[in-house]
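Below is one structure; the comments refer to it alone.
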Amino acid sequence: MPVEEVTLTTRFKVDLTDVDEAVISEIQRLFAEYQEIVNELIKFATSKHITSFVELHHAKYLELRQRYPILPWRYIITARRHATRIYKSFS
């Protein structure tokens, strides 16, 4: 199965009236990192034929925590769940 990059699209309204430009920039950076993580996990799952959330956790969680130490652990777990669901939907 060829590996394809997935673009995540989410729509929501946010009132940015009193929000500092630095905060907006940080939110955009977090979304970009999340997309990177999900795409990496999908590529890994595809190459190893991993459809199990737990198996993907054991294979990649520590590596991602070390690479993204500032991100909350929940962020990586959510990305892993998202990647697992996406990969399962195509396999």
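The values are calculated or read from the model by the stated rules, or taken from the named source; none is laboratory data. Note that the coordinates shown come from a computational prediction; the quantities given were computed from them, not determined experimentally. Every residue, glycine as well, gets a Cβ built from its backbone with ideal geometry; the counts of neighbours run over all protein chains shown.
Looking only at region 19-52, which residues are in a helix (DSSP H, G or I), surrounded by fewer than 15 Cβ atoms within 10 Å (Cβ to Cβ), touching a helix residue (DSSP H, G or I) at 6+ places or on another chain (Cβ under 9 Å) and of a type outside the set (D, E, K, R)?
Passing the criteria: only Leu30.
Hey, can you tell me all the residues within region 74-91 that are surrounded by 13 or more Cβ atoms within 10 Å (Cβ to Cβ) and aromatic (Phe, Trp, Tyr)?
Tyr75, Tyr87
Taking region 35-66, which residues are charged (D, E, K, R) and within 13 Å of the chain's Cα centre (by Cα)?
Matches in region 35-66: Glu36, Glu40, Lys43, Lys60, Arg65.
Let me spell it out: the conditions are (1) buried (at least 16 other Cβ atoms within 10 Å of the Cβ); (2) assigned to a helix (DSSP H, G or I), and Leu71 meets all of them except one. Which number is the exception?
Here Leu71 meets the rest and fails (2).
Taking the condition within 18 Å of Lys88 (Cα to Cα) and modelled with pLDDT under 90, does Glu5 pass?
yes
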